[in-house]
Amino acid sequence: MLHFASLRYLSLSALLAAALLAQVGVAEASGAVYPKPPRGTVRVGFFYQIDPTCASFGAPSIAVVSGPSNGQIETRAIHDYPNFPSFNIRFRCDLRKVPGTEVLYRSTPGFRGVDTVVFDVVFPRGQLKRYTQRIFSR
């Protein structure tokens, strides 16, 4: 059972984490409307870095660390809509496209199952974030 003091601590931690993310301006879009990728290709993510005025710092670079074992990863520079939560100062930036890097996965023909890819995203201002994505192919 959680006590009131624990809940207050958790809420404070969540607010601090949200404030730090809002200051960095680094995000991955998910849940937005994307241009349709080539048949058999799945969008793994769209990565970008913008300031509070919606100006871009440039497109992040992507480095595959491991996998996928049953497909290929492709990256490309595109312009697309960011996806910030409503409490983020950059929320209004969601109304226009920004430059970024899209990561796409294409499975080997006939492959059915789960594939995993691990990749690093290096943002223009030096932040490094590692992503592990599981991709389900049917």
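All of the numbers you see were taken from the coordinates with simple rules; none came from a lab. Small disclaimer: the values here were computed from a predicted structure and weren't measured. Neighbour counts run over all protein chains shown; Cβ positions are idealised from the backbone, glycine included.
What net charge is computed for the residues neighbouring G113, neighbours being all others with C-beta under 14 Å from the C-beta of G113, Lys and Arg scored +1, Asp and Glu -1? Provide the component values of the computation, followed by the final result.
Working: positive: R112, R134, R138; negative: D115.
Around G113, the surrounding residues sum to +2.
Applying 0.36 nm per residue to the separation of R125 and I89 and subtracting their alpha-carbon distance, the gain on full extension is 11.1 nm. In terms of the mean number of neighbouring beta-carbon atoms within 10 Å, the peptides 68-81, 120-133, 98-111 order highest first as 98-111, 68-81, 120-133.
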